[in-house]
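These notes concern the structure reproduced below.
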Amino acid sequence: MHASVPPASNVTQPVVVPADATFAGQTYTEWETAFWQWAMPLPLDNPPHPFSKCNAWERSISASQTGNVWFWSAPDLNPDGTPLICDQSAITIPAGKALFLTIRDIEASSLDDPPFRSDTAAGQRSIAQYWFSHIVDVFCKIDGVAVGDVQAFHFLTPQFHFHAPTPWIFGSVGGSGTSVGEGYFLLLQLPPGPHTIHYGGDFHFNAGELGPDPVDFQKDVTLFVTIGPS
């Protein structure tokens with residue numbers, strides 16, 4: 001465990017790295033930036049992008065992972081709108097690896113398709129903050145225990161640089177771009193053994209914001225993982 005992370009109590013097991021702590025020398029905001037810089041350059045297939053497929057037989061949680069922190073993101077729901085099950089339990093995550101969990105997030109960039117496109121840091125920040133302001137009902141349960149005050153794990157990046165293939169996950173044309181991201185994230189150090197992580201949240205828009213009727217974009221994901229022995 002990183003020296004700046006206090007030992008977990010019985011209530012907070014498994015360990016959630018505190019929002020104001022550093023892990024492996026980086027803050028949550030820096031890890032969020034690293035997440036986007038990891039996800040945005042990934043190809044759309046061979047294996048599928050993590051934003052489109054989430055089971056081990058489609059895309060292993062170990063794919064493209066390096067270092068002390070493994071990133072996790074997944075689609076919001078099944079295509080039919082039902083909650084999503086992501087089974088990664090057959091893949092053993094080495095002991096000592098932390099998991100950077102994306103609860104609900106948004107980004108805007110110079111390469112995104114509209115309405116998430118802007119060429120300036122101020123414009124990207126404005127788009128990200130507008131969409132982030134509509135996130136409601138974020139939650140996370142780890143092995144049936146609710147993580148308290150998920151809203152405290154809210155982070156906004158400075159503008160960062162990235163490179164994307166053509167096509168890429170958020171647009172038809174890639175290249176070198178800039179982006180700003182914002183969202184809710186948890187950095188987890190899970191003890192050895194199997195774990196179930198249930199998390200999600202909604203984008204909620206009132207009538208008149210995106211159309212004549214209220215609009216909700218829901219996310220509800222259950223992730224099964226296995227941590228190897230220490």
Task: Positions within the range 45-69 being of a type in the set (Phe, Trp, Tyr) and exposed (fewer than 15 other Cβ atoms within 10 Å of the Cβ), in sequence order - done: TRP57
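For the range 77-90, which positions are among the acidic types (Asp, Glu) and modelled with pLDDT of 95 or more?
First pass over the range 77-90, keeping only residues among the acidic types (Asp, Glu): 80, 87.
Result: ASP87, single match.
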TODO: For residues that are touching a Phe, Trp or Tyr at 6+ places or on another chain (Cβ under 7 Å) and more than 18 Å from ILE93 (Cβ to Cβ), tally how many sit in the range 45-64.
DONE: 0
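Could you please let me know if HIS198 is out of contact with any helix residue (DSSP H, G or I) (no Cβ under 7 Å at 6 or more places or on another chain) and over 30 Å from VAL15 (Cβ atoms)?
Details: out of contact with any helix residue (DSSP H, G or I) (no Cβ under 7 Å at 6 or more places or on another chain): yes; over 30 Å from VAL15 (Cβ atoms): no.
So HIS198 fails the test.
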- [ ] Go through the range 14-43 and give me each residue that's under 17 Å from the mean Cα position of the chain (by Cα), part of a loop (DSSP other than H, G, I, E, B) and either within 23 Å of SER109 (Cβ to Cβ) or among the basic types (Lys, Arg) (or both).
- [x] THR27, MET40, PRO41, LEU42
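Could you please give the count of residues in the range 191-217 that are touching a Lys or Arg at 6+ places or on another chain (Cβ under 9 Å) and not acidic (Asp, Glu)? Before the answer, list the steps.
Initial filter on the range 191-217 (touching a Lys or Arg at 6+ places or on another chain (Cβ under 9 Å)): 196-203.
Checking the rest, the ones that are also not acidic (Asp, Glu) come to 196-201, 203.
Matching residues across the range 191-217 total 7.
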TODO: Output the qualifying pairs, or none if there are none: Cβ atoms under 6 angstrom, residues six or more apart or on different chains, first residue in the range 18-35 and more than 19 Å from GLY181 (Cβ to Cβ) and without any contact (Cβ under 8 Å) to a residue 60 or more places away in the chain, second residue of a type in the set (Val, Ile, Thr) and assigned to a loop (DSSP other than H, G, I, E, B).
DONE: ALA21/VAL5
Open item on the list: Which count do you get for residues in the range 7-65 that are at pLDDT below 95 and in contact with a helix residue (DSSP H, G or I) (Cβ under 9 Å, 6 or more places away or on another chain)?
Closed with: 0
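Filter the strands (runs of 3 or more DSSP E) completely within the range 76-179 down to those with at least 1 residues that are surrounded by 14 or more Cβ atoms within 10 Å (Cβ to Cβ) and among the β-branched types (Val, Ile, Thr). First the steps, then the outcome.
Numbers: elements: 84-93, 98-109, 135-142, 154-156, 160-164.
Passing ranges, in order: 84-93, 98-109, 135-142.
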Task: Sole residue being within 24 Å of GLU209 (Cα to Cα), among the β-branched types (Val, Ile, Thr) and in contact with a Leu (Cβ under 7 Å, 6 or more places away or on another chain), chosen from ILE103, ILE127 - done: ILE103
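The values are calculated or read from the model by the stated rules, or taken from the named source; none is laboratory data. If you're wondering where the values come from, they're calculated on a predicted model, not measured in any experiment. Heads up, the Cβs are rebuilt from the backbone with ideal geometry, glycines too, and the neighbour counts pull from every protein chain shown.
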